[in-house]
Amino acid sequence: MNSLRTTFANLSTPDSRKHAQTGRPDLHTLFCAHLYAMKLFPTLLFPARALALGTLLLATTQCSVSEQVKDSPSGKAVTAEANENKAYTQMQYRLNFMDEAKLGGQDILFARQTTDFTSPQQAKLQTALQTGNLPLHLKMRVYARNPSTENLQLKQLDYKLMLDGKELTSGTTGLNTALEASAIETLPVTIDMNVTPAKLSGSTPAAFAAGLTDFTGINRRLTMSIRPVYVSATGRQSQLADFTPIELVTAKRTVAK
């Protein structure tokens, strides 16, 4: 019996001593102890060999499973991320009609053709262009509708404003806007820029302004493309790779599946 105790002591390793302190079984020590006991008492222990090996394997398996569960990612976190990604694809954005529009201080909201400007008005706009002081002020709204059951957070909405197919200006709106489930948020878009001759492409300021704010005409001149950027509660950011055109509020809604 003293020999058996001495052998057990010799079988101890740094790992086995560490497991002895934590109360967890050490596979090396248990297995070697079992083999040595079989050598000393073959007749006595023969019927119990299967039981001992079964207990040893069970303890090892339970330890392994416990470690796997501890190291595996949370199922709830994966599900929440998948739900957020699905809700992002269901978001709907629509551009409202123009609220305000001024060029060189003159109201151009309802200007549809150059003849809508009197000769003195056209001359004033031309003089402002030549002096490099022709400010353009536009104000409109973007509606963001969240049809899903998930509450989302919009970090920002990047946009590009296109005039006759060419980029007029770009910007960002909707900073840190909460997009609640089954709700609609209004994102203001305000443009204040100076119009240069390069933006006119050889035309006059009156021609530039004519029909600029007309969103109902067949040959609509002003369009917008957007790229929403979302952020989750854990700080994960999601955004499209490129800008996509935004439709008007009059466009028929489609339900994402």
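Quick notes
- Taking the criterion of being over 37 Å from the mean Cα position of the chain (by Cα), assigned to a loop (DSSP other than H, G, I, E, B) and in contact (Cβ under 8 Å) with a residue 24 or more places away in the chain, the residues of the stretch 202-213 that qualify are Thr204, Ala210.
- Checking each residue in the stretch 114-145 for being within 30 Å of Gly174 (Cα to Cα) and either part of a loop (DSSP other than H, G, I, E, B) or in contact with a helix residue (DSSP H, G or I) (Cβ under 7 Å, 6 or more places away or on another chain) (or both) picks out Asn133, Leu134.
- Some residue of the stretch 185-201 being farther than 30 Å from Arg112 by Cβ, assigned by TED's automatic domain parsing to the domain that holds Thr115 and at pLDDT 95 or above: yes
- Contact annotation: residue pairs with Cβ atoms under 7 Å, 6 or more positions apart or on different chains, pairing a residue in the stretch 177-190 that is closer than 15 Å to Met140 by Cβ with a partner that is of a type in the set (Phe, Trp, Tyr) and assigned to a strand (DSSP E or B), are Thr186/Tyr143; Val189/Tyr159.
- Counted residues, the stretch 214-247 - those being under 19 Å from Tyr159 (Cβ atoms), among the hydrophobic types (A, V, I, L, M, F, W, C) and part of a loop (DSSP other than H, G, I, E, B): 5
- Being touching a strand residue (DSSP E or B) at 6+ places or on another chain (Cβ under 6 Å) and at pLDDT 95 or above is a condition met by at least one residue of the stretch 107-118.
- Of all the listed residues (Tyr88, Tyr159), the sole one being in contact (Cβ under 8 Å) with a residue 40 or more places away in the chain, aromatic (Phe, Trp, Tyr) and part of a helix (DSSP H, G or I) is Tyr88.
- Test result for Asp214, under 21 Å from Ile246 (Cα atoms) and either among the small types (Gly, Ala, Ser) or touching a Lys or Arg at 6+ places or on another chain (Cβ under 8 Å) (or both): yes
- Selection from the stretch 235-255 of residues that are at pLDDT 90 or above and among the small types (Gly, Ala, Ser): Gly235, Ser238
- Test result for Tyr159, closer than 27 Å to Ile218 by Cβ, crowded, with 17+ Cβ neighbours inside 10 Å and in contact with a Pro (Cβ under 8 Å, 6 or more places away or on another chain): no
- Taken as a whole, the condition of being in contact with a strand residue (DSSP E or B) (Cβ under 8 Å, 6 or more places away or on another chain), crowded, with 19+ Cβ neighbours inside 10 Å and part of a strand (DSSP E or B) applies to Leu154.
The values are calculated or read from the model by the stated rules, or taken from the named source; none is laboratory data. Computed from a predicted model, the values in this text were never measured in an experiment. Please note: Cβ atoms are built from the backbone with ideal geometry, for glycine as well, and neighbour counts cover all protein chains shown.
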